[in-house]
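Q: The structure's right below; bear with me while I get my questions together.
The values are calculated or read from the model by the stated rules, or taken from the named source; none is laboratory data. Just so it is clear, the structure is predicted and the values come from calculations on it, not from any experiment. Here the Cβ positions follow ideal geometry from the backbone for every residue, glycine too, while neighbour counts run over all protein chains shown. Surface areas here come from the heavy atoms of the whole protein model, side chains and all, with no ligands, DNA or RNA. Shrake-Rupley method; radii C 1.70, N 1.55, O 1.52, S 1.80 Å.
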Amino acid sequence: MSASPSACVLVVDDEPDLRTLYELTLLREGYEVVSASDLAQAREWLGQRQFNVLISDMRLPDGLGLELLRELGEQQRAERTIVITAYGSAENAVEALKSGAFDYLTKPVDLKQLRAAVQAALQSQRHDPASPGGRHAAGNSIRQALPAPAAGAQALARIVGDSPTMVQIRQRIEKVATSMAPVLILGESGTGKELVARAVHECSHRADGPFVAVNCGAIPDNLIEAEFFGARKGAYTGASHDREGYFQAAKGGTLFLDEIGDLPLGMQAKLLRVIQERRVRPLGGVQEESVDVRLVSATHKDLAALVRAGEFRQDLFYRLNVIGLRSPPLRERRDDLPMLARALLTRLCAEAGQLPPRLSEEALAWLQMQELPGNVRELENLLQRALALSAGDVLEAQDFAEPDAPDSISSGPVPMDSAQAALAPAASPAPAEIPDDLQSYLDEQERQVLLKALKECDYNRTAAASRLGLNLRQMRYRIQRLGITMPSDDEETQG
């Protein structure tokens, strides 16, 4: 689809042939194009009028394209800037993005990527009539982007809390969502890093595209390249047809790499190459394919420490950490706990099709006393269990403990539930190493116990619940919470 003729692009490059190539490419798309051969001429044009997009080579006869970028920022201009860097010049690309560039391209420039970058830059512009870029000096209206999608506001609303840290992170999400710069989210397990990543996606111009979330630590090493980049038929035993990888599946959207610190070193090198060149070669393929994704990564590990230990590539760390966000642990925002608990209850009950109960003051006080090392995820698990055990429309403190353990409310930590207690004598030995994520480890142990009981009872929920000392309601809750897939959704068949 061609652009409105009033969408204007300024191209700055000292090579006449390249300048002409960019001009012709953009003119065919319907843009108005103005060109300059150096910084001085570009400044002259910028002094006369406003543009939608500025495309500048990094190195120019009288300086660096970054100088224009910084000047636009100081003047609070509305132009989106795309910087063109030399092949393999990773440091320049990172510096450009950190200086506020919307995106970067590497030489030789792929014209398809050029068109896509300009279109994305236009889409990312916010509708703001008071913006310095709202009108041309000559009086012609320039193309403005539509307001941020409603999904963005909804995604930000899911990041609950009025503490200063949560207000700040929501503001930062809105700000960083408007560029293509990679984002690295740091935070302990259970703090909602994927929620932050989804908010970055939903607030961006890519909100209509796919959001593909990948747990880098859950992919077997022998399949990781095919999972990321795709594979051609016959590339390996069992590859009976061509298949897409994560990069292809996230085309036009956001690729979220969770637990990026668990990525093997060999795969880190391949990921770095894809980030730099924006092209992937499927396993068993002979041709590379261009990719159009925004990368958002997350980890609970200290990546800087892994870099120092030689377990994570320093160059990849710098490419991923262009924009940093931190998801704070619950202990740093205790004042948010009542609001967070009520929001979680509302969501959990909406999913179950029931009205949310009220939390008593005693229940809130008890929750405030818990250490909650598993953060929001642990709080959610506690609320889920209380919902399953409660029979009234008010959650009391005792609903968070097992019926046969009345003293647990005053003792602090929540004891193991009845399913775990029933099988405690047959529990597996302690792990050889302390798990990085205790809650996930315990969930997996409980999942295996439930699966074993269900299989031995021919997937009859009632029989399996009785064997574990649970009632049917408790059994259904655990099956749903742990994501256990049943052979049939027919409740009567399953008991």
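Q: Quick check: net charge around Ala352, other residues with Cβ under 12 Å of its Cβ, Lys/Arg +1 and Asp/Glu -1?
A: Combined, the nearby Lys, Arg, Asp and Glu give +3.
Q: Under 12 Å from the Cα of Lys251, which aspartates and glutamates turn up, not counting those fewer than eight places away in the same chain?
A: Here the aspartates and glutamates satisfying the reach criterion relative to Lys251 are Asp208, Glu289, Asp292.
Q: Express the Stokes-Einstein translational diffusion coefficient of region 260-356 in µm² s⁻¹, to the nearest whole number, given a Kirkwood radius over alpha-carbon pairs, 37 °C and a viscosity of 0.692 mPa s.
A: Rounded, D is 193 µm²/s.
Q: Which semi-axes, in whole Å and largest first, does the equivalent ellipsoid of region 21-130 have when worked out from the alpha carbon gyration tensor as the square roots of 5 times its eigenvalues?
A: Values for region 21-130, descending: 19, 17, 15 Å.
Q: Can you tell me, using C-alpha contacts under 8 Å and at least 6 residues apart, the relative contact order of region 331-393 as a whole percent?
A: Numbers: 28 pairs, mean separation 26.2, N = 63.
It rounds to 42 percent for region 331-393.
Q: Continuing with the same structure: Please calculate the 1.4 Å probe accessible area of Asp302, with all protein chains present, and give it to the nearest 10 Å².
A: 90
Q: Right, something else. If you average 1/r over all unlike Cα pairs in region 267-308 and invert the result, what Kirkwood radius do you get in angstrom?
A: On the way: mean 1/r = 0.0813 Å⁻¹.
Taking every pair of different Cα atoms in region 267-308, averaging 1/r and inverting gives 12.3 Å.
Q: Sticking with this one: Take the alpha carbon gyration tensor of region 143-293, find the square roots of its eigenvalues, order them as a ≥ b ≥ c, and report rounded if a/c is under 1.5; if not, report prolate when a/b exceeds b/c, else oblate. Can you show the working numbers first?
A: Values: a/c = 2.50, a/b = 1.73, b/c = 1.45.
It is prolate, given that a/c is not under 1.5 and a/b is the larger ratio.
Q: Right, next: More than 19 angstrom separation, counting every C-alpha pair in region 207-330; what % is that?
A: On the way: 3739 of 7626 pairs.
Of the Cα pairs, 49 percent sit more than 19 Å apart.
Q: Taking all protein chains in place and a 1.4 Å probe, what share, in percent, of the accessible surface of region 22-98 do carbon and sulfur account for?
A: On the way: 1540 of 3390 Å².
Result for region 22-98: 45 percent of the exposed heavy-atom area is carbon or sulfur.
Q: A further question on this structure: Can you pull a Stokes-Einstein diffusion coefficient for region 41-93 at 10 °C (1.306 mPa s), Rh from Kirkwood over Cα pairs, as a whole number of µm²/s? Intermediate results must be reported in sequence, preceding the final value.
A: On the way: Rh = 11.7 Å.
My calculation gives 136 µm²/s for D.
Q: Cα to Cα, under 15 Å, and not fewer than 8 places away if on the same chain: which aspartates and glutamates meet these conditions relative to Lys107?
A: Answer for Lys107, where 15 Å is the Cα cut-off: Asp13, Asp14, Glu15, Asp17, Asp57, Glu91, Glu277, listed by chain and number.
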